[in-house]
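Okay, structure first, notes after.
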Amino acid sequence: MSVLIVDDERNIRSSLKKYLSLEGIEAEYAETGEAALAYLERASFDAVLLDLKLPGINGQDVLEWMQRRGIRSPVIMISAHGQIADAVRALKSGAKDYLVKPFDPAELVIKLRSLLENKRREDMIEAGKRTCGARENALIGNTELMRRLSRQIDKIASTDVTVLVTGESGTGKEIVAREIHARSQNRDEPFVAVNIGGVHEGLMESELFGHEKGAFTGAVNRKPGLFELAGRGCLFLDEIGEMPMPLQVKLLRVLQERKIRRLGGMNDIPVNARIVSATNRDLETMVREGSFREDLYYRLNVFRIELPPLRERLEDIPFLVDHLLNKLASRMGRAVPVLDPQAADKLRSYSYPGNIRELENMLERGLIYSDGQSITCEDIDLHALKGMSPSESSESPELKFHGLPSSRSLEYIEKEAVREALARYQGNRTKAAEALGISRKTILNKIKVYKLENFGDEES
Ligand SMILES: Nc1ncnc2c1ncn2[C@@H]1O[C@H](COP(=O)(O)OP(=O)(O)OP(=O)(O)O)[C@@H](O)[C@H]1O
Ligand SMILES: [Mg+2]
C-alpha cells in the first residue's frame, strides 16, 4: 500500500513516517500543495492524506484539482479543531473521510485499510462503467447533415477502425468519439480520453505508455499508461495536432506494431483499444509545413469524420437549445425554463464562431440571469465577449462583476471572473492572468477546466 502524505508540519510528517513504516505502509511526503500536485502527476497512490491548511494552494484546491484530473486515489482530509465546516466542504468535493488534529495514528491506519478495501472493489466495477456519460452526451441534431453523421457513426461503431474527427472548436468532436464507443460492441470497456495539449511534454510518454517503479526520478510507483487503461475499449487522443514531434514518432511506432512497453519496462503489452483522435487544426497543412508527420497522419486518418460548424446547420438550434437547457438546468438543480419566442429568434440570428460550446455558455448565462421560469431576449447576450469598450478597460484595471446574482457558487464566480478578464483583454491570456493576480499557467488551466477556449483569440 502506498500513501501520499501532504502536511506542512514537520512533526506530524515525521511521527507518521515512523508509525506507518512499522505498519508496513509505504509513504511519500509532501510539504506543500504544489509538491503534492507534482507527486500526483507522476505516480498513483492508494490513498492521499491531505492537510486542509497548507501554505500556497491549500488542501481543498488539491482535492478539486484531483477531481478535475480524474485522479481517483481516495483522500482523507486532516483538519484542525474548529475547521469542521471546511472538512464538510471537502467531503462534499469528494474526500472520502477526515481526521481532526491531533489524531491517533492507529485510527489513521484503520481508515487507510478500509479505504484500500473499498477502492479495490470500486476499481473492479469502474472498468465497466468508465464508458460514456449516458444521456448528457447524446448527439443532438436533426438536419440531413447530422443524420448522415449518425449513420456514419453506426457503420464505424461496428468495426474497430481508427478514426480522425475534425472540426472547429466546440462542434462536438468529443461527443462523436464517445458516441462511436457507446454504439460499439465494446461499450462496456473503458473510454479513456486524454487531451494531448494539456499534458506536459515531459510527462506525456509516461502518461500514454506508463512506467515501471524507478524508471525515472520520481517514478515512485508503477503506473499503467492510458493505452493500457483503455483495454479493449477506446482511447480518445484529443488535440492530436499538439503532439510534439518526438512523441509523434513514438505514437506512430505503437500504432504500427500494436504494442507498447512501459518506460523502464521489459515486456511488450498489446494494444487492443480503438484509437479515435481529434483536432481543430488543419493537419494537412501541418503535414505540408512539416510540423506533423505524414505517416502518422495516414495512420490516424483511416476514417475521417468532419463536423460542420453550427452556422451551417442553424435549423438544429431549437433541438440543441432544448437539450442543452435540460442538461444545464438539471446540473444546476433548477426547473427547466421556457424559452420565449423572441429569445429563440435571437438565438437563430447568430453565427456562433465558438459553435455548440458557445451556445451552451450563452444559455448557461441566460439561465443564471433569468427569473427561473422563462428565458427572455434580455437574458441572452450574443456578444458577451465584446461587451466592454476598450476605454473602460484602460481606465480601471481592476475587474468588477456586474449584475452578478448574489448566491452563486465560488466556482461560478471564478469562471465568470476568468471569462470577464479574457473579454476585457481580447483573449490575451497573459494580461488576463495579471489582472486576476494569477499565473499564466493557472489561467490556462482554468480556461481548460471551464472550457473558455473560445473567449477571444490568443495573442500571438
Ligand atoms: N450534436 C451535439 N448534441 C448535443 N450537444 C453537443 C453536440 N455537439 C456538441 N455538444 C456539446 O457542446 C459542447 C462542446 O462539444 P465538444 O466538447 O464535443 O466539442 P469539441 O469539438 O471537442 O470542441 P474543442 O475543439 O473546443 O475541444 C459540449 O458540452 C457538448 O456536450
Ligand atoms: Mg474537445
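How do the helices (runs of 4 or more DSSP H) wholly within segment 282-388 filter down when requiring 2 or more residues that are within 23 Å of LYS448 (Cβ to Cβ): which remain?
Answer list for segment 282-388: 283-289, 317-332, 355-369.
Got a number for residues in segment 337-363 being surrounded by fewer than 17 Cβ atoms within 10 Å (Cβ to Cβ) and either within 26 Å of the chain's Cα centre (by Cα) or touching a residue at least 40 places away in the same chain (Cβ under 8 Å) (or both)?
The qualifying residues number 2.
Go through segment 154-179 and give me each residue that's over 16 Å from ALA193 (Cα atoms) and without any contact (Cβ under 8 Å) to a residue 60 or more places away in the chain.
Scanning segment 154-179 gives ASP154, LYS155, ALA157, SER158, THR159.
Using the structure shown, decide if THR143 is at pLDDT 95 or above and more than 20 Å from the chain's Cα centre (by Cα).
The answer is no for THR143.
Within segment 283-310, work out how many residues are touching a helix residue (DSSP H, G or I) at 6+ places or on another chain (Cβ under 8 Å) and in contact (Cβ under 8 Å) with a residue 24 or more places away in the chain.
16
Do you know which of the residues in segment 137-161 that are in contact with a helix residue (DSSP H, G or I) (Cβ under 6 Å, 6 or more places away or on another chain) and more than 20 Å from ARG311 (Cα to Cα) is nearest to ligand 2 (Cβ to nearest atom)?
It comes out as ASN137.
What number of residues within segment 16-34 satisfy the criterion of being outside any loop (DSSP other than H, G, I, E, B), crowded, with 17+ Cβ neighbours inside 10 Å and of a type outside the set (A, V, I, L, M, F, W, C)?
3
Take ILE240 and tell me if it is within 16 Å of ligand 1 (Cβ to nearest atom), in contact (Cβ under 8 Å) with a residue 60 or more places away in the chain, closer than 23 Å to ALA177 by Cα and not hydroxyl-bearing (Ser, Thr, Tyr).
Yes: the conditions hold for ILE240.
Pairs, please: C-beta under 6 Å, at least 6 apart or cross-chain, first residue within 16 Å of LEU283 (Cα to Cα) and in segment 248-262, second of a type in the set (A, V, I, L, M) and modelled with pLDDT of 95 or more?
Matching pairs, first to second residue: GLN248/LEU296; LEU252/LEU296.
Tell me which of these PRO270 doesn't satisfy, since it passes every other one: (1) touching a helix residue (DSSP H, G or I) at 6+ places or on another chain (Cβ under 7 Å); (2) under 22 Å from THR159 (Cα atoms).
Evaluating PRO270 over (1) touching a helix residue (DSSP H, G or I) at 6+ places or on another chain (Cβ under 7 Å); (2) under 22 Å from THR159 (Cα atoms) leaves (1) as the failure.
Working only within segment 154-175, note down all residues that are away from ligand 1 (no atom under 11 Å from the Cβ) and outside any loop (DSSP other than H, G, I, E, B).
Answer for segment 154-175, where residues must be away from ligand 1 (no atom under 11 Å from the Cβ) and outside any loop (DSSP other than H, G, I, E, B): ASP154, LYS155, ILE156, ALA157, VAL163, LEU164.
Quick test of your reading of the structure: VAL220 fulfils all but one of (1) more than 19 Å from the chain's Cα centre (by Cα); (2) assigned to a strand (DSSP E or B). Name the failing condition by number.
(2)
Conditions (1) touching a Leu at 6+ places or on another chain (Cβ under 8 Å); (2) surrounded by fewer than 20 Cβ atoms within 10 Å (Cβ to Cβ), marked per residue:
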residue	(1), (2)
SER14	no, yes
VAL48	yes, no
LEU52	no, no
ILE76	yes, no
LEU99	yes, yes
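With within 16 Å of ligand 1 (Cβ to nearest atom), out of contact with any His (no Cβ under 9 Å at 6 or more places or on another chain), of a type outside the set (Ser, Thr, Tyr) and outside the structural domain of ARG357 (by TED's automatic domain parsing) as the only criterion, which of GLU228, GLU144 stands out?
Answer to the selection: GLU144.
Can you work out which of the residues in segment 225-274 that are acidic (Asp, Glu) and assigned to a helix (DSSP H, G or I) is nearest to ligand 2 (Cβ to nearest atom)?
It comes out as GLU242.
Listed here are the residues, each with its yes/no results for (1) at pLDDT below 85; (2) within 16 Å of ligand 1 (Cβ to nearest atom); (3) of a type outside the set (Gly, Ala, Ser).
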residue: TYR350; (1), (2), (3): no, yes, yes
residue: ASP381; (1), (2), (3): yes, no, yes
residue: GLU395; (1), (2), (3): yes, no, yes
residue: HIS402; (1), (2), (3): yes, no, yes
residue: PRO405; (1), (2), (3): yes, no, yes
residue: SER409; (1), (2), (3): yes, no, no
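With (1) more than 24 Å from ARG299 (Cβ to Cβ); (2) in contact (Cβ under 8 Å) with a residue 12 or more places away in the chain; (3) of a type in the set (Lys, Arg) as the list, and ARG151 as the residue in question, which single condition is left unmet?
(2)
In segment 308-328, is there at least one residue being crowded, with 18+ Cβ neighbours inside 10 Å and either polar (S, T, N, Q) or more than 16 Å from ligand 1 (Cβ to nearest atom) (or both)?
No, segment 308-328 contains no residue that is crowded, with 18+ Cβ neighbours inside 10 Å and either polar (S, T, N, Q) or more than 16 Å from ligand 1 (Cβ to nearest atom) (or both).
Among the residues of segment 176-199 satisfying the criterion of being in contact with a Leu (Cβ under 8 Å, 6 or more places away or on another chain) and in a helix (DSSP H, G or I), which is farthest from ligand 2 (Cβ to nearest atom)?
Taking the candidates together, the pick is GLU179.
Only one of (1) among the charged types (D, E, K, R); (2) away from ligand 1 (no atom under 16 Å from the Cβ); (3) farther than 20 Å from LEU37 by Cβ fails for ARG178. Which number is that?
(2)
Considering each of VAL249, VAL199, VAL220 in turn, give the residue that is farther than 19 Å from THR166 by Cβ and modelled with pLDDT of 95 or more.
Result of the check over VAL249, VAL199, VAL220: VAL249.
The values are calculated or read from the model by the stated rules, or taken from the named source; none is laboratory data. Remember, predicted model here, so these are calculated numbers, not experimental data. Reconstructed Cβ throughout: ideal geometry from the backbone, glycine too, with neighbour counts over all protein chains shown.
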